[in-house]
Each structure stands twice: as C-alpha cells, then as structure tokens.
Amino acid sequence: MSSLTATRKHSKSKQKKSGFQKLWDKADRLQRQNEQLKSRLDGLIERTEQTIKPVEKEAAESDIPLLRKLLKMGQRKSLAKWEREVLDEWIKDMITEMQVFGITDSEMMDDVARYDAYRLGIELDEDPDGASGTAYEQLSDHIQNLQRETEEAAERERAETEADFDNLKETMEAFVESILDERLGPPPATDRPESGTPDIFQSELDAELEKQAEDYQARRQALRDEIMNELNQDLKDEFGASPFDDGIENEEDPFTNPDFGFEDEHQNTSTDAPKIDNQTFHKMFRATAAKLHPDRESDPARRLEKQKLMADLLKARKKGDLLTVFRMYQQHTNNSESFSKADEAQLTQALRQHIEQLEKEKDEIILQSPMHYSVYHSFYHTSKKKQDQKIEQHLKRVRKKISESSKCFSTIKSLKTLKPWLEVRYDNLRFSALEGLMGGIDLGDMDWDNDPF
C-alpha cells in the first residue's frame, strides 16, 4: 500500500519525486498554462480590436492613393518581367489589406478590374454611357464565361473519354468471350430431345445435365477472370489506367478527400475531456462527494459553500477532470486511505490520459478561430513585458508604413522613379524567402523597408 501526494508545498529536505508526482506536476502546469493562455488570448483579441486594428485600418486607407497610381503604371508595357511580378505582389498585398477592412469601393474595384484585364489581355468596353456595365462587371462576366467554357470543354472531354473506355471495354469483353469459346467450346446442351415415352431416369438425367452446365459456367468464369486480370494489368502497365477499374466514375477529388490537407482537423472537437473510466477516479469522487454533500451540513453558510464545491466536483467528473477531483479529494477528505499498487497504476494511467487531453486543449484554444491563431503567433508571450514589446514593435512598423506610403506616393511620378522602389521590394522578398528556407534564422537587424532615396 502507498499514499500518493501531490500538494504544492515544498519540503525543506530534498526528496526525489515519484513518477506519479512528476506526472502530477506536469498536468498541473499544463492546466494552469491553458487557463492562462485562454485568458490572455481573450484579452489580446480585445486589445487588438481596440488599439491595433484602428492603426492597421489607417495604414490600409493610406495606401489608397498609392494603389491607384500603381494600378495605372502597371498597365505600361516597358516593365521587365521581374518588375511586373513584384508590382503584382505589391498591388495584391494592398488590396488584401483593404478588403479586410472593407474599404474597397466600386471605383477602386473598377480600377483593379482594368489592371487585371490588361494583365490578362482582355479588352473592356469603356463606353461612357455604361451600356456594357462597369469595368468590374465586364471582367467578372468575361471570367465567368471563360470558366463556363472551360468546364464545358472538360465535360465534353470527360464524356468522350468515358465513351472511348466503354467501347474499349465492350471490345475487350467480346475478345475474351471468343477466347473462351475457342478454349472451352460451346456450353453443353441442357434440353433432352423428347422421345414420346416416359423415362424413369428423367430427373437424374436432368440433374446431371444441369450439373454439367454449372461446371462449364464455373470453368468459363474462372478462365474469364484470369484472362481479364492479365489484360487489365497489361493496360495499366502500358497506359496507367484500364476501363475495368471504373477510374473515371470513381475518381476522387483530392480536395473532398477527408484525409487530404487540413480538412478542419479541429472541427467538431469537444472542449470537454473524455470521461475517464477508472475505478480509483470514481472512488476519489465518491469519497469527496460524501464529505461535501450539502444535505449533511446544518450551518446555512457552510451549506451554501458546500453546494458550490459540490457543483465544482460534479462539473469536474462530467469533464473527466482528474486534477480537480484529486485536488478536492486531498483538500476535503482526511486523505488517510492509502492506495494499492493497482490503484496507483490506474491513477497514473488516468493522469497520462489527462495530460494528453490538456496538450490537445492547448491547440484547440489557439485554433478556435482565425483571430485566435493570428493573435497567438503575432503577439502572445507568457511574459507581459515581452508581449507588450511585440505589440509596440508591430504598431511601430504599421505607423512607419503609413509614413512610407505617403513618401512613396509623392516620389513615384513615372516608371523611372517607380523602379527603384520595385528593386527594394524585390530584395525584401528575396531575403524573406531565404530566411524561410533557413528555418527562420534571423539574417540580421536590417531595415529592408528603407526607401531607395
């Protein structure tokens, strides 16, 4: 018999912790970290909405004059390929930020449509009467028509391929049947000629003829399967597909395959931990519940306190919260009952399961929404001071972007003055990609956003 101890008091004497105590410490730490993470993330999101988003929106709005200028310059033919690619990325980044804050009006969308139409080689009707629709409407209609034509062409090709496969399948089946006829001959006759006189062995003869026919069909089917498998494999080896695979009808779309990509692996996950089927767990619950039952308390104030504690205990049992049940067991029972080796083994296994659930819970907290994910990776830190530093650094970059957007707009007056800015952005993109390939290694405290002047 042994007694499990998981209090947070420190003894003066240095005693080696048991395996259970180490697991308990880890679970206790994870639970406190998850509670802290949830609370701080909620606070960070509120702070983001109040202090960060307004500055980011101001930065996006400051890009509007520059974006209009870039959209017009982007329709010049004298830009090199790399310059146009950098400009495309620049324009796309600005539009994305503006769409996040809903500051793209119809005039802006028309300017973007004219730029896209130029890049795609599509001529728009700039009729001043607007009979053909706005530039955005014209480009949308054109793209929808192209998509429809592409889908119709793909469907025709698919139907033709299916028809070819069906014809090939029929040809192969007829060819196999001819081989079977050649190797096995015609099927045996099942009808006896009528003699006009009763035959006392008629039933036996009919049964024998039927058996011969069944044996023939079984041999024919076995030989058919053998030949078809050989032909099927030959077609696969030669062409990578066979009409007998039903590959066209059963072809899987990889984006609808539940095993593909990210397929919301955190979707429909329960925030409650699974109930732990553990005798020791339930024994601790019953012992604690007996001590906390409010009906056994005569003092009204103490009864109210026990009602609250009992509610916490029931909630912990429902969630399978081993830590809370065990902690309340230690606090509210005399804790004199020792645990057997079997009890200790069961409790240790339950604790390991709870640790696994706590580790999953951390991911669920972070991934419960795109905002939680973004805020966690951008600003979260266990140290409030470092967290504040991250936010301040971000706001500093955003404010600097506002200043640079204004300066960029005033200095870009022609393609000649645009190209130095494109060179800076090209270097920035190249070094960012290099840093990513190197696993996030810091390439130095360098200001890649310096203007070229």
Quickly run through the stretch 167-202 and pick out the residues that are part of a helix (DSSP H, G or I), among the charged types (D, E, K, R) and either in contact with a helix residue (DSSP H, G or I) (Cβ under 6 Å, 6 or more places away or on another chain) or modelled with pLDDT under 85 (or both).
169
Can you say whether residue 364 is on the phi < 0 side of the Ramachandran plot, assigned to a helix (DSSP H, G or I) and touching a His at 6+ places or on another chain (Cβ under 7 Å), as far as the supplied structure shows?
yes
Does at least one position in the stretch 131-145 carry a residue that is under 32 Å from the mean Cα position of the chain (by Cα), in contact (Cβ under 8 Å) with a residue 60 or more places away in the chain and part of a helix (DSSP H, G or I)?
no
Residue identified as of a type in the set (A, V, I, L, M, F, W, C) and at pLDDT below 80 among 30, 67, 23, 4:
4
So residue 98, is it touching a helix residue (DSSP H, G or I) at 6+ places or on another chain (Cβ under 6 Å), among the aliphatic types (A, V, I, L, M), within 30 Å of residue 430 (Cα to Cα) and surrounded by 15 or more Cβ atoms within 10 Å (Cβ to Cβ):
yes
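Results for (1) touching a helix residue (DSSP H, G or I) at 6+ places or on another chain (Cβ under 8 Å); (2) over 18 Å from residue 31 (Cβ atoms), shown as yes or no for each residue.
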| residue | (1), (2) |
| --- | --- |
| 289 | yes, yes |
| 310 | yes, yes |
| 317 | yes, no |
| 324 | yes, no |
| 331 | no, no |
| 343 | yes, yes |
Quick one: residue 374 ticks every box in (1) assigned to a helix (DSSP H, G or I); (2) farther than 30 Å from residue 390 by Cα; (3) not aromatic (Phe, Trp, Tyr) except a single one, so which number is it?
(2)
Output yes when any residue across the stretch 346-359 is assigned to a helix (DSSP H, G or I), within 28 Å of residue 41 (Cβ to Cβ) and polar (S, T, N, Q), and no when none is.
yes
When you look at residue 401, is it loosely packed, with under 11 Cβ neighbours inside 10 Å, outside the structural domain of residue 84 (by TED's automatic domain parsing) and either at pLDDT below 95 or in a loop (DSSP other than H, G, I, E, B) (or both), yes or no?
no
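The values are calculated or read from the model by the stated rules, or taken from the named source; none is laboratory data. The model shown is predicted, which means the values in this text are computed figures rather than measured ones. Note that we place each Cβ from the backbone using ideal geometry, even for glycine, and neighbour counts take in every protein chain shown.
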